[in-house]
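Some notes on the structure that comes next.
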């Protein structure tokens, strides 16, 4: 059973998920995208910092997951390609259904 949790396919799926969430957090740290998701609610500077740190940490975790799934040269390639794919996913989601990312910032109080 433990082998199922360390299979390369599962690690790569988790890496892609971390990439999408990380890039979404980085996008939500910008006023324009924050307003798309949260409306008129102001974006405090402290929240911007937290979102940037969370986004960076998620990208780092995705790199580590890629490195666990494959050898370093392939992991780097997969990670960079995952970044490109995730950027498209976040871009299209913010264009068509920005409220999908609302759960990523549900910890921020409305006010």
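Sorted fewest first by neighbouring Cβ atoms within 10 angstrom, 93, 6 come out as 6, 93. Between the beta carbons of residue 30 and residue 68, assuming R0 = 35 Å, the FRET efficiency works out to 0.70 to the nearest 0.05.
Is region 29-70 best put as rounded, prolate or oblate by its Cα gyration tensor, with a ≥ b ≥ c the root eigenvalues, rounded for a/c under 1.5, and otherwise prolate when a/b is larger than b/c, oblate when not?
Prolate is the answer for region 29-70, as a/c is 1.5 or above and a/b outweighs b/c.
For region 75-111, the residues whose amide N sits under 20 Å from a probe point set 7 Å from the Cα of residue 46 along the beta carbon direction are 104-111.
Counting other Cβ atoms within 10 Å as a rough exposure proxy, the listed residues 7, 62 run 7, 62 from fewest neighbours to most. Spherically averaged projected area of the convex hull of Cα atoms, region 7-103: 6.0 nm².
Arranged by the count of other C-beta atoms within 10 angstrom, fewest first, what order do 80, 21 take?
80, 21
Each value in this text was obtained by applying a stated rule to the coordinates, not by laboratory testing. Quick caveat: nothing in here was measured; it's all calculated off a predicted structure. Ideal geometry is used to build each Cβ from the backbone, glycine not excepted, and the neighbour counts take in all protein chains shown.
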